[in-house]
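Notes for the one structure printed next.
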Amino acid sequence: MGKDVLIIGGGIAGMEASAYLSAMGYQVTLVEKANELGGHLLRWERLFPTQRHGKEVLSFLHCGIDGKIRVIKNAEPVAAVTRDDLHIVTLSTGEVITANAVLITTGYKTFDASRKEEYGYGIYNNVVTSADLEEMFSSGKEMLTSSGIVPRRVGFIHCVGSRDEKVGNIYCSKVCCVTAVKQAIELKERLPYAEAFCFYMDLRMYGMHFEELYKEAQEKHGVQFIRGRLSEAAENQDHSLLIKVEDTLTGRPLKMKMDLLVLMVGFEPSDGTQKMAELFHLETGSTRFLKMADEHTSTNVSSVQGVFLAGTCSAPRTITSTITDARAAAAKITSYLSQYSIEQREN
Amino acid sequence: MSAKNFGFSIHKDRQIDYDKNYREFYYRVKAVEPSISLCISCGNCTATCSAGNFTSMNLRNVILLAARGEVNNLGDNVSACLLCGKCQLGCPRGVNTRNVVIAIRKELKIRRKP
């Protein structure tokens, strides 16, 4: 074969696609802008729906990075040109890489919660994001509010930066509902005497075992679910928070005090994903994620020949979906490089 | 002395003030019938309820108001229940709805005693 594949982004999708393409005999170069592979998985302590450690999945992915894959860390593409089906990519290190196919796995970033100013992130100390809470969990320290007390009541606010035209994100981020349930359970395991409330618009427990986790949260941990979207949070003198929602199932406005408020931040295309869209002239959809050639049949194919997509650069995904998407991309690249005419088949 | 008419009246606040409400009520009912926590407010119970066709009985709403500590108007609701158990046949989460009603009735009686 002797063909080269360049994979941009060393997160879950990039690592898994590297493993498969290398195993299939291609010369793979994996470029990662940080000094460590793993992407967002480095920051998630436990994973839904099984509560297994993120590290376990990471070490599985690392097993696929064999000696034949060339990993370049602390580097990112700064220029790209195409000549005779060859992609010539210049890295920030000055190195020039020539590849027969390019796979974009630059992923997502979490929504900047301070853009929802009425929720008080960055203004009130006891408003945190789901990513912040995950860090509090993995730090192993005692859970305390900014005033140094053990929180007695914690609220999880769903759909922060998702399903919200006011911030320009009309899509569902898919993972936040079940993450809120997961984190509420973890919180109750650490603080059994605290009350936990989830404020949701719809609970999207679509995945296998998600609904079981939701039921476990209610049955075993007493997590309460209130259907209503937070309108605003205000700070009390003691730095606790007063929140206002409509309890839409009773049809009445509701207010309550919270010691800690957790904002379930959604997905946005990462800065790297946006940059790759510019460098490779890739089309983006209305959601700003990279556009798939066909939503059903060509999900790994971009709008540019020889450039492929995997993972959360094209849509919000779970870890499971990202891994299977990376493998699918590897198969798609193989069919492209071996000029297998699977794309041209008749209906 | 008759009340003076100042040309305006004051409405009671419709807001649920969770911190001031009787929150313990729900936890006491839950101690008797833990399956109350499994309710997902689907309304299957209310749709099938014979009493609900003629009265204000609405089990979905009763459970919800109990969870919010809004217990003042629960009595009229649950007293209309016939304990026929149709709601229990339909509940997708397996809530022991009859026992929820019985437990709420008992709690309300306990509360009414001075």
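Structure data summary
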| read-out | value |
| --- | --- |
| Answer residue from segment A:220-251, given it is more than 22 Å from A:Asp164 (Cα to Cα) and in contact with a helix residue (DSSP H, G or I) (Cβ under 9 Å, 6 or more places away or on another chain) and is most open to solvent (accessible area, probe 1.4 Å) among those | A:Lys220 |
| Residues of segment B:78-109 classified as open to solvent by less than 20 Å² (accessible area, probe 1.4 Å) and away from chain A (no Cβ under 12 Å), total | 9 |
| Selection within segment A:200-214 - within 12 Å of another protein chain (Cβ to nearest Cβ) and under 19 Å from A:Thr129 (Cα atoms) | A:Tyr200, A:Leu203 |
| Lone qualifier among A:Ala315, A:Ala217 - being out of contact with any strand residue (DSSP E or B) (no Cβ under 6 Å at 6 or more places or on another chain), within 14 Å of another protein chain (Cβ to nearest Cβ), touching a residue at least 24 places away in the same chain (Cβ under 8 Å) and buried (at least 22 other Cβ atoms within 10 Å of the Cβ) | A:Ala217 |
| Options A:Met264, A:Met276, A:Met292, A:Met258; residue that is crowded, with 16+ Cβ neighbours inside 10 Å, within 14 Å of another protein chain (Cβ to nearest Cβ) and under 23 Å from A:Phe111 (Cβ atoms) | A:Met258 |
| Single residue of segment A:161-170 satisfying the filter (out of contact with any Gly (no Cβ under 6 Å at 6 or more places or on another chain) and not in a loop (DSSP other than H, G, I, E, B)) that is least open to solvent (accessible area, probe 1.4 Å) | A:Asp164 |
| Every residue from segment A:190-214 that is part of a loop (DSSP other than H, G, I, E, B) and basic (Lys, Arg) | A:Arg204 |
| Strands (runs of 3 or more DSSP E) fully within segment A:12-128 counting 1 or more residues that are in contact with a helix residue (DSSP H, G or I) (Cβ under 6 Å, 6 or more places away or on another chain) | A:27-31, A:77-83, A:101-104, A:108-110 |
| Which numbered condition B:Asn44 fails, given (1) surrounded by fewer than 17 Cβ atoms within 10 Å (Cβ to Cβ); (2) touching a Pro at 6+ places or on another chain (Cβ under 7 Å); (3) not charged (D, E, K, R) | (1) |
| Criterion: under 20 Å from A:Tyr336 (Cβ atoms) and either of a type in the set (Ser, Thr, Tyr) or at pLDDT 95 or above (or both) - qualifying residue of A:Ala34, A:Ala80 | A:Ala80 |
| Pairs where the first residue, in segment A:171-189, is part of a helix (DSSP H, G or I) and the second is modelled with pLDDT of 95 or more and among the basic types (Lys, Arg), C-beta under 6 Å, 6+ apart | A:Cys177/A:Arg204 |
| Residue match in segment B:55-70 (condition: under 22 Å from A:Met201 (Cα atoms) and open to solvent by 80 Å² or more (accessible area, probe 1.4 Å)) | no |
| Cβ-Cβ under 6 Å pairs, at least 6 apart or on other chains, segment A:223-252 side within 10 Å of another protein chain (Cβ to nearest Cβ) and within 27 Å of B:Met57 (Cα to Cα), far side surrounded by fewer than 20 Cβ atoms within 10 Å (Cβ to Cβ) and among the polar types (S, T, N, Q) | A:Arg227/A:Thr248; A:Leu249/B:Ser41 |
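Quick grid of which residues meet (1) over 16 Å from the mean Cα position of the chain (by Cα); (2) under 18 Å from A:Gly54 (Cβ atoms):
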site: A:Ile97; (1), (2): yes, no
site: A:Ile104; (1), (2): no, no
site: A:Ser114; (1), (2): yes, no
site: A:Val127; (1), (2): yes, no
site: A:Ala131; (1), (2): no, yes
site: A:Val150; (1), (2): yes, no
site: A:Lys174; (1), (2): no, yes
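The values are calculated or read from the model by the stated rules, or taken from the named source; none is laboratory data. Owing to the predicted nature of the structure, the values given are computational and were not obtained by experimental measurement. Counting neighbours? That spans all protein chains shown, and the Cβs are built from the backbone with ideal geometry, glycine included. For the accessible areas, the whole protein counts, side chains as well, though only heavy atoms, and no ligand, DNA or RNA atoms are used. Shrake-Rupley method; radii C 1.70, N 1.55, O 1.52, S 1.80 Å.
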